[in-house]
Amino acid sequence: MSNIPPCPKCESPYAYEDGSQLICPECAHEWNPNEVIVDPDAIILKDAVGNLLAEDDKVTLIKDLKVKGSSLVLKVGTKAVIKRFVDADHDIDCKVDGHGQMMLKSKFVRKQN
């Protein structure tokens with residue numbers, strides 16, 4: 001039995017080896033099985049000090065932020081949990097402690113360790 005994985009592009013089980021590359025005869029996709037596959041649609045965000053952020057990370061605010069449309073101000077040190085990333089100006093959808101769901105910019109948060 002062969003231990004060659006199916007084609008990552010079309011899921012064909014007929015891939016074969018050619019040197020260090022694997023080739024799919026159905027869609028002509030070539031790939032190196034030792035390379036890490038990166039999703040090109042994945043959103044990669046960093047916090048204010050350069051730490052990589054992930055969903056469900058806990059973060060704190062590094063600056064007082066006014067909430068648009070109200071007189072509410074989120075203070076420095078307010079904690080939040082990242083729910084998801086969004087491809088927009090406010091790129092983090094999170095739950096802010098004591099204030100509910102809000103959209104924040106990643107440049108105003110720091111990842112908690």
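Structure data summary
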{"read-out": "The chain, relative contact order in percent, only Cα pairs under 8 angstrom and at least six apart counted", "value": "19 percent"}
{"read-out": "Structure-derived semi-axes √(5λ) of the Cα gyration tensor in Å - corresponding label in (1) 21, 16, 14; (2) 17, 17, 13; (3) 45, 13, 11", "value": "(3)"}
{"read-out": "Probe 1.4 Å, all protein chains present, accessible-area order of S106, S70, S20, largest first", "value": "S20, S70, S106"}
{"read-out": "GNM result for the chain, Cα springs below 10 Å: residue of L72, L53, L61 fluctuating most strongly", "value": "L72"}
{"read-out": "Heavy-atom accessible surface of the chain: percent carbon and sulfur, 1.4 Å", "value": "50 percent"}
{"read-out": "Relative contact order %, the stretch 62-106, counting alpha carbon pairs below 8 Å whose residues are six or more apart", "value": "25 percent"}
{"read-out": "Solvent-accessible area of I44 with every protein chain in place, 1.4 Å probe, in Å² to the nearest 10", "value": "120 Å²"}
{"read-out": "Average accessible area per residue (Å²) across the chain - probe 1.4 Å, nucleic acids and ligands excluded", "value": "71 Å²"}
{"read-out": "Cysteines having no other Cys beta carbon under 4.7 Å from their own, within the chain", "value": "C94"}
{"read-out": "Across K46/K75; K9/K105; K63/K83; K46/K68, pairs whose alpha-carbon gap is larger than 30 Å", "value": "K9/K105"}
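The values are calculated or read from the model by the stated rules, or taken from the named source; none is laboratory data. None of the values given here were measured: they were computed from a predicted structure. A quick note on method: Cβ atoms are made from the backbone with ideal geometry, for glycine too, and the neighbour counts reach across all protein chains shown. The area values use the complete protein model at the heavy-atom level, side chains included, leaving out ligands, DNA and RNA. Shrake-Rupley method; radii C 1.70, N 1.55, O 1.52, S 1.80 Å.
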